[in-house]
Every structure is written in C-alpha cells, then in structure tokens.
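One structure is given below, encoded as structure tokens.
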Amino acid sequence: MIKSNPVRKILQDGKPTIGTWVTLCPHPRIISLYAACGFDFVIIEMEHTDFSLDTVGPLLLTAREAGLTPFVRPPGTRDPHDLTRLLDSGAQGLVLPSIDTVEQIETILAATKFHPMGHRPLNLRGPHTDYISGDTDMMTKHLNAHTLSVVMIESQSGVANLADICAVDGVDAIMIGPDDLSQDMGIPGALEHPDLLAVIDQIFETCKAAGTPCGLTSHTVEKATHWLGKGAQWLPYSNDAAMVFNAANAALPALKKAAGR
C-alpha cells in the first residue's frame, strides 16, 4: 500500500499539526533528526534557497521512510513541471506561494491532481508510490487524497479572494505569508503592525467560517502558543537556520564571559 499522509488525518480530526522547515542544511540527517524530535511534517524550501531537485529528492525519500510528512515550497507555480516533478520525487504536499485568485489555484490543482480532478502526468512507479504496483484507479485516488495543497496568502488580493479560494475542492489548508503581505500593504517587515495583525485576524476568521485549516510560521514557542490560541491548525515552527543561530547566539555571550573575554 502506498504510504498515507498522517498530516491529512490530523487536519481532518481538527487538530493542530506542527512542523518545521529545511532552509539551510539539505542533508538527509536533518530529516532524521526532525523525525526523532517528533515533528509531524517538514517543508523543504526551494523558493528562497539554491536547493535543486537532486538535493531535494533524497530528503523526500528519507522523510517518507521516517514517517515525517514531506512538503516542498517550489521555486514558483507557473511551470507545472516545477510541481509535478517534486510530487513524483515523493513530496506528499506542496506549499504554494503567492496565490491571489481562484483561477490560479484551480490551474495548479488541475496540473497536480490525477483524473478526474485534473490531468497530472500518469506515472505510477516511483518514490511517490513507494514503487508499489497496483490498480491504477486505486492508486490515483489515494494520491489525489493524500497529496495536500497548502495555499499561501501573501497579498491583499489573496485576502480579498480568500473565501472563494477556500471553497475550491482540493485546497487543504491556508498558510499566511506575513512578510510579503506586510510589503504588499506598504509596511514591509512591520510584523507587529496593528494593520497587519488585523488582516491576519481577518484571514483566521474567513478560514474558520469556511472550515479550512489555517496558520503561519512561528519562531518562538510563545508566538506559536498565541496562534494556536487563535485557532491555528497549520503550524510550521522556525527552521534549521534559525534554530542553529538562536541556540548559538544565546550561548556564546555566556561562554565568552566565562572564558574572561
């Protein structure tokens, strides 16, 4: 049987799912470490890194074997092969950047879902099927159901169209991109600005009304707890680069003081 997507079950049960990012260290060992920590999922970053498909493939395989649901944020969404090649390499979901309209997400879903939901190229022997043979109809239904699409809302247009985006069959969760959203609002990087926080609250309310899981990345436990209190169900926590930097940056002043430096 093709591996299931545990995150799908968590979201269907109405519970929060907690993951993290790979943005710095594209080595399978980081995946094994994350799995040992107990994260539900990992997002492999391709939009803002130099990671190639050759880099990402082994991470996806390691995550699948470890029971850590692998998502990828692709470098873009205009070329369908930038999406389907990641799925064929074993990704169990995509985090789709900069979705502004219903038409955008419908085009993407048509490219990344098999018949009858779409026209994803029919390849059923690869990492995404765990190299298992089976009935074509059964396999495509399983893959359609267990391949998740997380839509990123990063602009005022996306916010305006959010209710309609949530209504599209195949949208599994909404992820807020506060950095780009703040820039689009004319307050770049002002992540605690009252206007931005008000729009984020609006996004949560729209998603709650639609019954669509929603959330955003949090870099501290305190901030994560805040968003969980708001009803977040999709919660990426920090990333490899931030966790390494924060731990080292916190320790070094005390170490240098103890060393008399």
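The values are calculated or read from the model by the stated rules, or taken from the named source; none is laboratory data. All values reported here derive from a predicted model rather than from experimental measurement. Neighbour counts run over all protein chains shown; Cβ positions are idealised from the backbone, glycine included. Keep in mind that these areas ignore ligands, DNA and RNA; they rest on the heavy atoms of the full protein, side chains included. Shrake-Rupley method; radii C 1.70, N 1.55, O 1.52, S 1.80 Å.
Tabulated data
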quantity: Student exercise, the chain dipole from Lys, Arg, Asp, Glu Cβ charges, in Debye to nearest 20; calculated: 1020 debye
quantity: Mean accessible surface per residue for the range 140-261, computed with a 1.4 Å probe while every protein chain stays in place, in Å²; calculated: 49 Å²
quantity: Stretch gain in nm, segment Q183-H219, where the contour uses 0.36 nm per residue and the Cα spacing is subtracted; calculated: 11.0 nm
quantity: Three-way shape label, the range 193-257, alpha-carbon gyration tensor, a/c 1.5; calculated: prolate
quantity: Cα-based equivalent ellipsoid of the range 148-240: semi-axis lengths in Å, sorted from largest, via gyration tensor; calculated: 19, 16, 12
quantity: Long-range amide H partners of L148 with built H, under 5 Å; calculated: G93, L94
quantity: At least 20 Å along the helix axis (C-alpha) and Kyte average at least 0.5, DSSP helices within the chain; calculated: 194-210, 240-258
quantity: Out-of-range pairs (alpha-carbon distance over 29 Å; input K113/K223; K141/K223; K9/K208; K15/K141); calculated: K113/K223; K141/K223
quantity: Share of Cα-Cα pairs in the range 138-179 lying beyond 16 Å, as whole percent; calculated: 43 percent
quantity: When the convex hull of its Cα atoms is projected in every direction, mean area for the chain (nm²); calculated: 15.1 nm²
quantity: Nearest-0.05 FRET efficiency for L252 and H193, computed from C-beta distance (R0 45 Å); calculated: 0.90
quantity: Spin-label model distance (nm) - H81 vs T101, 7 Å beyond Cα toward Cβ; calculated: 2.5 nm
quantity: Using a Förster distance of 25 Å, the FRET efficiency for A160-K208 (Cβ separation, nearest 0.05); calculated: 0.90
quantity: For the range 17-67 and the range 69-115, distance of Cα centres in Å; calculated: 17 Å
quantity: Two-site FRET efficiency, I132 against K9, from Cβ-Cβ distance with R₀ of 30 Å, rounded to 0.05; calculated: 0.90
quantity: For the range 1-124, accessible area per residue (1.4 Å probe, heavy atoms of protein chains only), Å²; calculated: 45 Å²
quantity: Rounded percent of accessible protein surface that carbon and sulfur make up, the range 60-142, 1.4 Å probe; calculated: 53 percent
quantity: Length added when fully stretched, E65-M243, from 0.36 nm per residue minus Cα-Cα; calculated: 61.7 nm
quantity: Nonlocal amide H pairs with T20, under 5 Å, H built at 1.01 Å; calculated: F41, V42, I43, Y237
